[in-house]
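S.K.: There's a structure below that I have some questions on.
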Amino acid sequence: GGHIVGQDVRMALRQPEAIRMLGRDVDGGAVVRGLARRTDIWRINRKTLPGELAVIEFVNKTAEADIARAHTDFVANASHELRTPLASIIGYVETLREDVESLEPNMADKFLGTIQREAKRLQDLVSDLMSLSRIEAEKHDLPSDTLDLTKLAERAASDAANGERSGLLDFESTGAFPVRGDRQQLEQLVRNLVDNGFKYGASDQPLAVRLHPQGENRVRLTVTDRGEGIAAEHIPHLTRRFYRTDPGRSRASGGTGLGLAIVKHIVERHRGRLDIDSTPGEGTRV
């Protein structure tokens, strides 16, 4: 900024490694941390010119480092999530093969049930990973199809609430809302939110799905459960991949930890905004 013009460079930068770099009369480059903020990473390049002058280039590398770290974390988390059900499947298969003659039919059926459940979890996880990859690849392409959001949301919510939960679905829309959108992705968004609402809401309480206009050219979709709620410190992290407030409960209910990450990317592609409000002991509204 203009406030550093005329200052001694040591006062303007206050970063020992950067000051050493600028104080030398030789060309070169260096990577320094904490130049502006503690977590920043900068590349400084120096090119000496005639007449005791020099061109100093500052390149902010923080975003690149953050992306690289996010990719590393994602691969580590995905590997862990895939390895857990695989280890369970392999363990039960080995047990079945070792005791194939002496194992009781009931026990064998129990083992096979566990293998089937873990295999289904693997299938869901791979499916969600592929969905996330596809959505991210299309994130900058605006959808061009026009569709009725009310009909789409009602159908997708009913699909997610199939079986015993259908009686607890409370759907309400104040009209037809034609929107530009990707049908498959918007259906996935509604299914993910409704499925989460039933998983983490109270089992005997209704799940409210509402569609209301917001201003002249926007529509608000809300999914509200009456469950235990989420503590405030967790809310900023809920859309991170594989983030869980209660890992054991999430895995037991069949969650992959990718549902809200997928929702966030679908919302961003449709130029929307995602808000999550929750009061512990009362419930959550998305």
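The values are calculated or read from the model by the stated rules, or taken from the named source; none is laboratory data. For clarity, every value in this text was computed on a predicted model and none was experimentally measured. Heads up, the Cβs are rebuilt from the backbone with ideal geometry, glycines too, and the neighbour counts pull from every protein chain shown. Calculation scope for accessible area: heavy atoms of the full protein, side chains included, ligands and nucleic acids excluded. Shrake-Rupley method; radii C 1.70, N 1.55, O 1.52, S 1.80 Å.
S.K.: Let me know the longest stretch in the chain that avoids all GluC sites (Glu not before Pro) found in a DSSP loop with at most 10 other C-beta atoms within 10 Å. Working shown, then result.
M.R.: Details: sites that count: Glu52, Glu101, Glu216.
The answer is 102-215.
S.K.: Could you check what % of the DSSP bridge pairs in the chain are antiparallel, to the nearest 5?
M.R.: 85 percent
S.K.: With the cut-off at 1.5 for a/c, could you classify the stretch 96-154 from its C-alpha gyration tensor as rounded, prolate or oblate?
M.R.: Oblate, since a/c reaches 1.5 and b/c is not below a/b.
S.K.: Between (i) 21.6; (ii) 24.0; (iii) 17.1, which matches mean projected area of the Cα convex hull in nm² calculated for the structure shown?
M.R.: (ii)
S.K.: Pop a pseudo-label 7 angstrom from the Cα along the beta-carbon direction at both Leu112 and Ser166 and give the gap in nm to one decimal.
M.R.: For the pair Leu112/Ser166, the computed spacing is 3.0 nm.
S.K.: Further question on the same structure: Note the angle between two axes, namely the Cα long axis of helix 183-200 and the longest principal axis of the Cα atoms of the chain, as a number of degrees from 0 to 90, rounded to the nearest 10.
M.R.: Helix 183-200 sits at roughly 70 degrees to that axis.
S.K.: How many lysine pairs are close in the chain, with Cα atoms under 21 Å apart and the two 8 or more places apart or on different chains?
M.R.: Lysine pairs, 8 or more places apart or on different chains, close enough: 5.
S.K.: Still on this model: Which translational diffusion coefficient, to the nearest whole µm²/s, is obtained for the stretch 140-249 from the Stokes-Einstein equation, given a Kirkwood hydrodynamic radius over C-alpha pairs, 20 °C and 1.002 mPa s?
M.R.: 141 µm²/s
S.K.: Same structure again: Once every DSSP H run of n ≥ 4 in the chain is given -39500 (n - 2.57) and the sum is divided by its residues, what mean residue ellipticity at 222 nm do you get, rounded to the nearest 500 deg cm²/dmol? Kindly include the intermediate steps, with their values, before the conclusion.
M.R.: Values: 8 runs with 130 residues, N = 286.
Mean residue ellipticity at 222 nm (helix-derived): -15000 deg cm²/dmol.
S.K.: Summarise the accessible area of the stretch 123-234 (1.4 Å probe, protein heavy atoms) by the percent that is carbon and sulfur.
M.R.: C and S fraction of accessible area: 45 percent.
S.K.: Ok, one more. Quick one: check the C-alpha center-to-center distance for the stretch 76-127 versus the stretch 146-191, whole angstrom.
M.R.: Centre-to-centre (Cα) distance: 34 Å.
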